1. Could you give the length gained on full extension between Phe129 and Met49, defined as 0.36 nm per residue of separation minus the Cα-Cα distance, in nm?
2. For the chain, what is the Kirkwood estimate of the hydrodynamic radius, computed as the reciprocal of the mean inverse distance between distinct Cα atoms, to one decimal in Å?
3. At a threshold of 8 angstrom on Cα-Cα distance, excluding pairs fewer than six apart, so keeping six or more, what relative contact order does region 10-127 reach in percent?
4. Within region 73-92, find all residues whose amide N lies under 19 Å from a label point positioned 7 Å from the Cα of Val213 along Cα-to-beta-carbon.
5. Which one of Gly36, Phe47, Leu25 has its Cα pushed farthest toward the positive end of the charge dipole of region 4-68, where Lys and Arg give +1 and Asp and Glu give -1 at the Cβ?
6. Between Ser173 and Ile142, what is the label-point separation in nm under the 7 Å Cα-to-beta-carbon projection?
Amino acid sequence: MLTPTQLTAIDQHLRKENWLLNEDLLSELTDHYINGISDRLAQGMTFEMALRELHTGFGGRKGLLKMEEEYQVQNYQKLGQLEWQLIRSFMDGSRRPITAGLFIGLYILNTYFGVEDMVKTGLAVAFLFVTSSVLFSIAKSIFFFYKNRNEVSQAVMQPSSPVFVIAYLLSMSLLLVNKYGLAKYGLSLPALVMLSLQTLLETLCLVYYTAIVLSLKQVLRKSLNSRLPKSA
């Protein structure tokens, strides 16, 4: 069992001497250091020598910083996977009624309350962000498709929601065709179709951002629970 002074020394070693910042990784490394040092102390090694040996085993400061960088990337990837899992639940899972309710609510607001331009302006940045995310998801699937020798299964396994992606790209494409294609020939899609497509895009943007909020909430809750003292 390490003394409070030794536990403080480990914490200072990781934070101040090696510049680590990620609390989750710090918690994991602290446990590893405690177990490793305890074993070495039982074998007759001094605390300082045990600490240096563990530090060397991790590749020194450079190795620990690289570990933190990789840990951050893994967490970002996990967050992205969780976001798409939640998006899928809104599109073809248990949360479909919520999506339908959002669409109906926005359609009523756009049709009977004259807030279509206000909603469109409010979600302008969201359109750009969601569009880039959808295109990135498609590009990643294509990359894995060719990387794994054209194996469709590997591409499909990439985190995404086909229903969301298809609905978003189809509605966006039709709106662009109407604005920049048909307009040149004096043609236009029916106003009802245009309103429906615009409302669908707004709904999908709200679904995407709701999934982000829910995923962040889950991650923060998990992180908080992992830091709470465990009951005996």
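None of the figures in this text is laboratory data; all of them are computed from the coordinates on show. Model, not experiment: these values are computed from the prediction. Backbone-built Cβ (ideal geometry, glycine too); neighbour counts: all protein chains shown.
1. Values: separation 80, 0.36 × 80 = 28.80 nm, distance 5.08 nm.
Additional length available on full extension: 23.7 nm.
2. 21.9
3. On the way: 43 pairs, mean separation 20.2, N = 118.
Once divided by the residue count of region 10-127, the mean separation gives 17 percent.
4. Residues 80, 82-91 qualify, since their backbone N sits under 19 Å from the label point.
5. Phe47
6. Placing both labels 7 Å beyond Cα along the Cβ direction yields 1.3 nm.
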